[in-house]
Each structure stands twice: as structure tokens, then as C-alpha cells.
Amino acid sequence: MAEHSEGTPQAEHQAARGEHGARTGRPGQAAGTGQPAYPVGLRLSGRRVVVIGGGQVAQRRLPALVAAGADITLISPSATASVEAMAEAGEISWTKRRYEDGDLADAWYALVATGDPVANEAVSAEAERTRTWCVRSDDAEAATAWTPATGRSEGVTVAVLTGTDPRRSAAVRDAIVEGLRDGSLVAPQHRSRAPFVALVGGGPGDPDLITVRGRRLLAEADVVIADRLGPRDLLDELPPHVQVIDAAKIPYGRFMAQEAINNALIEHAKAGKSVVRLKGGDPFVFGRGMEEAQALAEAGIPCTVVPGISSSISVPGAAGIPVTHRGVAHEFTVVSGHVAPDDERSLVDWQSLAKLRGTLVILMGVDKIGAIAEALIAHGKSPRTPLALIQEGTTAAQRRVDATLATVADAVRTHDVRPPAVIVIGDVVAVGAEQPGS
């Protein structure tokens, strides 16, 4: 039997049973002894590891061994394409032959992953003789080590052994790792830490659309300074000791609003708190995130930026509108509409925007959309250009109002459209309207 034949369904089933301790007594017990297995983390960097067999089992296990920095020797006459690619990239050394006695010389760890029971027994015998920890993909009782279901999150490694039920091992592993990543499983750090601030993009409003890292940092925060456009539902999930500050209600005194927010970030960080600045959308898309990052840098406070899903893309998508579409729009432009086109403070070239054939997305422009529409039409944009206003996008209160450049001012008044709303201008609006349920 070829040494890579463990890729068959039967061999894969044996691998799952063997590596997680099948045919044992109580879950987690060492095979054949009635004693529990002793969990340990192996530090394999620079140490010789021998893998016998280059099939599907090896393909699954090799990446973790490579990541651990092990000096890996693969012994197999053949291998899967992925394993072969690892050898070609220099991540492993491949000896293209069957196992021979002595192949485990100087090895710290061995993985037996072939479909040949005779070869597997021979490798196990050598491993026992040389006192090399050995995993058997086909027979847990013959192994001296098991491979747990393993996952990682932010420097934490989770390894689960349930003995006779590898699927339960994987399910428990997944539940723990997911909880650590999304913040639903809080495991606070107890070692002292330096002042720290995270500028977290909360996404367009739906609490499920914050990033995994953003949610985890929220769960670890001592202080959260939040915008009104951030995902407010997430604040209810924070532990009672977390101080939540509404950025709109910070007492400004003699400072401008943004200066007061910057000062609050610096003050709490210098007090040794873990601070999260929770912002709607993405911190760097009309969010003044860079101003806050610069203020923190000047104060010597470490800061990390966690990107968020921008409402300029996600809100149209939630309303059934693609900002690009084959044969319709090959570009999209995002513009702030908080300053009218005729305002001397405006930095937008509305004349150039009117000539573009792609999609125009306007944020913070509800109260200026009438003037914006007039400017675009004056510079050559067709008055019949489709337009959609999406209010409270991605939330339970989301609603969509369709119009054209010529009718949008009246539509805003008639339908009482209010901020926050994303405005989409272009032929993609009609494409989205064709989709069921949009």
C-alpha cells in the first residue's frame, strides 16, 4: 500500500480517531493505561521532527509544525500537491522513499501518517526504542502522544482533548477560540500594562459588523469613548466596571470638541487605563481618526488603529445597491457632503465629479443634497441620474428612498429623510432596484 494512501476516507477516519485518542476509556485518558493524558506544549523550534507519509493527514499537520519552527523531515515516496509545495518552498526537507529503520535518529517528535500498518508499527517500535514522542494517525493505542484540536487567538493557544470524540474536541476548541476573538469570552490580563489606546472602527451600525479584533478590544477596555454613530448595542454588553463616555457629551469648556476628545483619550491612558475610542464606520474615513492618533503620538501614548467596515460601501450593499457593477460602473468615489459646493471651505471638485461615469457616494450630505444636486446638474450631470438615500443603514430602522438628481430635494422633505444617511448617485441604483427584496 502506498504511503500516502491515508488520504482515503477510511484512513482519514482512522486519523481522526487515532490522533484524538480513540478506543480509550474515559475522555482524555492515555490509551490502554486508564490514566489521563498529560497535556504539554512542545517547543520544537530548531528541533528535528520526522513525518512519515505525505498525504492528507500530513498536509493538515505540517503547517502548525512549520509555524512552530521545527526542522522537519518528510519521508514518503509521494505527497499531495500542497505538501510538495512546502518542500519546494524549503519549509520542509523531503526524502522521497519509504520509511527505513533509523529514520528517527535525533528526532524529538514523530508523526506517523501512512496507510501502511506494517510501516506504522515499525516506526512506532523505533520511536519507543529511541524515546521519541510519536503520534499515530491510524491507532491511538499504539501512540505515545496525541494531537489535540488546537486553535489560536492573540497569543493564546487552546488545545482540547476529549479522547473518544474528536468532533467534540473541535467543537469545544471552536467555541473557546470564537469567544476569545469576539469578546464574548472575557479573559482579562492580570499583568501590568502600559497606557494603551485603540481607535476602533465600529462599522455602519449593525453590532455584528464590527471586526473580531474590535470586539475583543472592547471586551478588554477600561474606558470606552463612543460616537453616537458607533454600534450602540455593543455598549450594553460591556461589564459594569467599564466607564462609557459619550463623546458628544464631553464638557468642552475652552477647547474645541475634537481637542476635548483628544484630551480625554490622553488623560485616561495616562491613568493606566485601556482605552477604546469607538467610532462609526472606519476611523480614517471622515472620522478624524488621524487627528486623534497624532495627538496620542505627541503625548507619547501607544495607539493602534482597528479598521472598520465603511458605511460608504456596506450601507449601499445592505440596501441592495452595488457600488460597482460589470458593464455599469468601473469606479466609485466617496465624498463628504457636510460642506455645500458653494462654500469657500469646500475641498471637493464638483465639476470634475459631474463628469465621472461611475458611482458617487456622499456621506454626511442629507441637509446639503439639494445644493449638491444642483451643482452636479449645472456641471453636466443628467437630472435623470438615479439616486438613493439609505437612512440608518444596516440597523433595524434602515429605510431606502429612491429619487433622481432633479427630485432629490423634494424627496428628502416629503419622506423626512434625516441623518445618518448614505446617498448613492449613479446607474448602479437602478441595478440594485432590480434585485428581489431590495
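Count neighbours as other Cβ atoms within 10 Å of each site's Cβ, and list the chymotrypsin sites (Phe, Trp or Tyr not before Pro) in the stretch 244-337 that are DSSP loop with at most 14 such neighbours.
Here the sparse-neighbourhood loop sites are TYR252, PHE255.
Scanning residues 5 or more positions from ARG47 or on other chains, those with amide H under 5 Å from its amide H are ASP71, with H placed 1.01 Å from N in the peptide plane.
Around the Cα centre of the chain, unit charges on the Cβ atoms of Lys, Arg, Asp and Glu (plus for the first two, minus for the last two) sum to a dipole of about 560 debye. Dividing the helix sum by the residues of the chain, where each DSSP H run of 4 or more adds -39500 (n - 2.57), gives a mean residue ellipticity at 222 nm of -9000 deg cm²/dmol.
Take every DSSP beta bridge with both residues inside the chain and express the antiparallel ones as a percent of the total, to the nearest 5. Antiparallel bridges: around 35 percent, rounded to the nearest 5.
Compared with the dominant principal axis of the Cα atoms in the chain, helix 117-130 is inclined by about 80°. Under conditions of 37 °C and 0.692 mPa s, the stretch 351-426 yields 267 µm² s⁻¹ as its translational diffusion coefficient, taking Rh as the Kirkwood radius over Cα pairs in the Stokes-Einstein equation. Backbone geometry of the stretch 166-173 corresponds, through the Karplus equation with coefficients 6.51, -1.76 and 1.60 at θ = phi - 60°, to 3J(HN,Hα) couplings of x, 5, 5, 4, 5, 5, 5, 4 Hz, x marking Gly and Pro.
Atom-type composition of the exposed protein surface of the chain places 51 percent of the accessible area on carbon and sulfur (1.4 angstrom probe).
The phi-based Karplus calculation (6.51 cos²θ - 1.76 cosθ + 1.60; θ = phi - 60°) puts the 3J(HN,Hα) values of the stretch 331-343 at 7, 9, 10, 10, 10, 7, x, 6, 10, 5, x, 8, 7 Hz, whole numbers, x for Gly and Pro. For the chain, what Kirkwood radius comes out of the mean inverse Cα-Cα distance, in Å? Mean inverse Cα-Cα distance, inverted, gives 26.2 Å.
Computed from Cα positions, the angle between helix 9-19 and the longest principal axis of the chain comes to roughly 80 degrees. Computed from Cα positions, the angle between helix 289-298 and the longest principal axis of the chain comes to roughly 70 degrees. Kindly identify the stretch 215-277 as rounded, prolate or oblate by the Cα gyration tensor criterion: order the square roots of the eigenvalues as a ≥ b ≥ c, call it rounded if a/c is under 1.5, otherwise compare a/b with b/c, prolate if a/b is larger, else oblate. Oblate is the answer for the stretch 215-277, as a/c is 1.5 or above yet b/c matches or exceeds a/b. The calculated FRET efficiency for the pair ARG168 and ASP236, based on their C-beta separation and a Förster distance of 51 Å, comes to about 0.95.
Taking amide H as placed 1.01 Å from N in the peptide plane, the amide H of ALA149 sits under 5 Å from that of VAL160, each at least 5 places away or on another chain. Applying both filters, DSSP loop and at most 14 other Cβ atoms within 10 Å, to the GluC sites (Glu not before Pro) of the stretch 263-356 gives GLU331, GLU344. Heavy-atom accessible surface of LEU229, to the nearest 10 Å², is about 80 Å², with a 1.4 Å probe and all protein chains retained. Across the stretch 312-326, computed HN-Hα scalar couplings (Karplus, 6.51 cos²θ - 1.76 cosθ + 1.60, θ = phi - 60°) run 5, 10, 6, 5, x, x, 5, 8, x, 10, x, 6, 10, 7, 4 Hz from first to last residue, x flagging Gly and Pro.
Accessible-area rank, largest first, for HIS415, HIS330: HIS330, HIS415, with all protein chains present and a 1.4 angstrom probe.
In whole percents, the pair-distance distribution calculated for the stretch 266-407 from its alpha-carbon pairs, binned every 10 Å from zero, is 10, 34, 30, 17, 8, 1.
The Rg/Rh ratio of the stretch 43-98, with both radii computed over alpha carbons and Rh defined as the Kirkwood radius, is 0.92. Rolling a 1.4 Å probe over the heavy atoms of the protein chains gives the chain an accessible area of 51 Å² per residue.
The values are calculated or read from the model by the stated rules, or taken from the named source; none is laboratory data. None of the values given here were measured: they were computed from a predicted structure. Methodologically, a virtual Cβ is constructed for each residue, glycine included, from the backbone with ideal geometry; neighbour enumeration extends over all protein chains shown. Quick note on the areas: whole protein, heavy atoms, side chains included, nothing else; ligands and nucleic acids left out. Shrake-Rupley method; radii C 1.70, N 1.55, O 1.52, S 1.80 Å.
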